[in-house]
Amino acid sequence: MFINPVRHITFDAVDPYRTAEFWSAVTGFPIHPDDVDGDDEVLLEPGQPGVPGLLFIRVPDAKSVKNRVHLDIQPASGTRDETVGRLVALGAEVVDDRRAPDGVMGWVVLTDPEGNELCIERSASERGLS
């Protein structure tokens with residue numbers, strides 16, 4: 001039996017709760033019920049065995065360089081472009097548009113409100129996988 005050794009994916013954040021709220025909207029993972037605004041650590045729990053949680057830890061300084069690791073997000077529902085629009089409305093910023101001119105291929109690079117990069121790919125249904 002395989003057990004995933006990755007327990008959490010951890011993000012440094014000036015405002016962990018606000019950043020966790022954004023990522024909760026991205027992933028659908030709820031904020032742990034014990035975590036509140038002002039906490040130094042805020043956890044998003046996926047609620048699925050073997051799936052790592054997202055942990056946001058308070059740091060005193062804002063992000064200053066490009067992430068060496070980022071998450072690629074496949075929308076669970078809707079399209080890539082709808083997801084990009086929804087996340088921009090929540091405070092994300094488009095930093096690179098890698099969509100092909102016909103819109104069929106590619107992804108969009110965003111940053112969360114703290115400047116962490118993430119990529120939005122086409123959904124499984126857009127890729128003909130569902």
Does Glu121 count as farther than 22 Å from Ile31 by Cβ, modelled with pLDDT under 95 and crowded, with 17+ Cβ neighbours inside 10 Å?
no
Please give the strands (runs of 3 or more DSSP E) falling wholly within the range 48-107 in which 2 or more residues are at pLDDT 95 or above and not hydrophobic (A, V, I, L, M, F, W, C).
53-58, 93-97
Are there any pairs with C-beta distances below 6 angstrom linking a residue in the range 84-106 that is under 25 Å from Thr19 (Cα atoms) to a residue that is in a loop (DSSP other than H, G, I, E, B) and of a type outside the set (Asp, Glu), with the two at least 6 apart or on different chains, and if so which?
Gly91/Pro113; Arg98/Gly106; Arg98/Trp107
From the options Asp112, Asp97, Asp102, residue that is loosely packed, with under 13 Cβ neighbours inside 10 Å, under 19 Å from the mean Cα position of the chain (by Cα) and of a type outside the set (Lys, Arg):
Asp97
Looking at Val104, is it under 23 Å from Val14 (Cβ atoms) and among the β-branched types (Val, Ile, Thr)?
no
If Thr19 satisfies all but one of (1) surrounded by fewer than 15 Cβ atoms within 10 Å (Cβ to Cβ); (2) closer than 25 Å to Glu121 by Cβ; (3) touching a residue at least 40 places away in the same chain (Cβ under 8 Å), what's the number of the condition it fails?
(1)
Filter result (of a type in the set (Phe, Trp, Tyr) and more than 13 Å from the chain's Cα centre (by Cα)) within the range 1-37:
Phe2, Tyr17
Restricted to the range 50-94, and to residues that are of a type in the set (Gly, Ala, Ser) and within 23 Å of Arg7 (Cβ to Cβ), which residue is surrounded by the most Cβ atoms within 10 Å (Cβ to Cβ)?
Gly53
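The values are calculated or read from the model by the stated rules, or taken from the named source; none is laboratory data. Model, not experiment: these values are computed from the prediction. As a convention, Cβ positions derive from the backbone with ideal geometry for all residues, glycine included, and neighbour counts pool all protein chains shown.
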